[in-house]
Amino acid sequence: MAAYGVVLTHVAFQTGLDPATVPGAIAARFDFFVAVFFALSAFVLWRRHRADHHFGAYYLHRCARIIPAYVVCVLAVLLFLPEAFGTRPGVAVAQFTLTQIYLPQGLVGGLTHMWSLCIEVAFYLLLPLLALTVGSLSSRRARVTLIAAGAAASLGWAWLPVVAATPDNGWPNMQIWPPAYASWFAVGLLAAEAEPLMPLVRRTRRSRGVLRLLSQRWLWWALALAIAWAAGQEWFGPLGLVHPSPAQFSLRILAGAAFALVVVWPYALAPSPRDLLARPTARTLGRWSYSVFLWHVAVLAVVFPLLGVPLFSGNPAHIAVVALAVLVLSTAVAAASYELVEKPARRAITGRWGARHAQRREHAQP
C-alpha cells in the first residue's frame, strides 16, 4: 500500500493534478507514505532485533534485501534513461553508495526518490547502536521515554542554523538528512514497544474498547486522508518543490508522523486475518512493493512520451491514463525484478553465509 501511495503522489505532481482541489491536496501529501515505510521498517526490525544482537547476520540480510535490486535499477537508469544522461562521475558513484543526499545537487533524474532510501539505510546502520543502548534498558517505560524524547528533539533539526542555511549556501539540502525523520521511525519503534502489552489489553474488559477502536480500519484511513488533506493546504505549508522554512518543515514532519501512526498502529497492534491487506493478492503485491518503489519514477519518465502526454497538463483524462499505465507497468517491472533479481540474490547471499556459518559451528565442536 505504501509503495503505491508514493507512486500516486509522483503521478499527481507530474501530471499537474491541481493541489487546490481535494483530490489534489490529498495526493500531494501521499508522500507521507514514505513515513509509513519508515514506521513499518522500525516496527518490524525493532521487534526482531532489539534484544537479538547477531548484528553480522542482521547487516547481511539487510544488504541482501535491498542492494541487488537497487544496484540493477540505478545501473539501468544511468545507462538508458535520458533524464540521467550526463550525470557527473562523482554523483553517479554516490547513487550506488546511497550517499547522494550528502552531495550538492546529488539527485539524478529517474532516481530522485531514492533520497528516502538513503534515510532508510542510515536507520539500518544505526539500529544496532540503538539496540545496544536504548534496547538494553530493562524498563519499557524508560525505552519509550527515550524514543519519544529523541523524536521530539528531532523536530528541531531544521531550526539549526547550519541546516536552515542550506541549500542556498551551495551545500546539500540538510533538511532531508536522517536526523530530520527520527519521529517517523519512532512511530514504528513505539508500536513495537506497545505490541507485547496487547494480550493484557485483551484480558481487561475496560480496555477491550481500545481493540475495537483499532479494528475500525475505515476510521483510521479517513483520519489519514484528513491529515493528508490538511497538510496539502497552502496555509499549512508551501506546495510543490518550494523549499519550506524551518517551521513549515517541522510541521510537515509532525503531520507525516501522525499520518504514519494512524495507518500503521491499527494493523500493528490489532491485526486481523480478515484485513484486505492480509489476503494473498495483497501479500504478493507487498513482496513486490520494494521494486515498485525503486522503478516507478523511471517508468513514469518513460510513460509520458510513450503515451504522448505532456507533463503537468492537468487534464483529467491524462491523469487517469498515466496513473493506470504507471501502476500496471511498475507492478509488472517489480514482479520481474523480484523474481529475477531480489529473490535469487537474497537466496544466494544469505544461503552462502548460512552454509559458512554452519561449517564454522561444525568445526568448532570438540
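Each reported figure results from applying straightforward, stated rules to the coordinates on display, with no laboratory input. Just so you know, these numbers come straight off a predicted model, no measurement behind them. Backbone-built Cβ (ideal geometry, glycine too); neighbour counts: all protein chains shown.
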key: Shape of the stretch 205-308, Cα gyration tensor, a/c cut at 1.5   = oblate
query = With point charges of +1 on the Cβ of Lys and Arg and -1 on the Cβ of Asp and Glu, referenced to the Cα centre of the stretch 84-211, which listed residue (Ser207, Val108, Ser139) lies farthest in the positive direction of the dipole?
reply = Ser207
request  = Assuming a ≥ b ≥ c are the square roots of the Cα gyration tensor eigenvalues, decide whether the stretch 135-287 counts as rounded (a/c under 1.5), prolate (otherwise, with a/b larger than b/c) or oblate.
outcome  = prolate
message = Around Leu146, under 13 Å between beta carbons, what's the net of Lys plus Arg minus Asp minus Glu among the other residues?
response = +3
key: Potential lengthening between Leu225 and Asp18 on full extension [0.36 nm per residue; Cα-Cα distance subtracted]   = 72.8 nm
inquiry  = I need the fraction of alpha carbon pairs in the stretch 132-185 separated by more than 14 Å, rounded to a whole percent.
reply    = 59
query = Under 5 Å between amide H atoms, partner at least 5 residues away or on a different chain: which partners does Val108 have, H built in plane at 1.01 Å?
reply = none
query = If you place +1 on the Cβ of every Lys and Arg, -1 on the Cβ of every Asp and Glu, and leave all else neutral, what size is the dipole of the chain about its Cα centre, to the nearest 20 Debye?
reply = 1860
remark   = Taking a ≥ b ≥ c as the square roots of the Cα gyration tensor eigenvalues, with a/c under 1.5 meaning rounded and otherwise prolate when a/b beats b/c or oblate if not, the stretch 1-363 comes out rounded
Order by protection proxy (mean Cβ within 10 Å, highest first), peptides 187-197, 218-228 = 187-197, 218-228
query = Given the C-alpha centroids of the stretch 12-79 and the stretch 139-180, what is the distance between them in whole angstrom?
reply = 19
ask   = Could you work out the helix-only [θ] at 222 nm for the chain, with each DSSP H run of four or more residues adding -39,500 (n - 2.57) and the total divided by the number of residues, to the nearest 500 deg cm²/dmol?
value = -22500 deg cm²/dmol
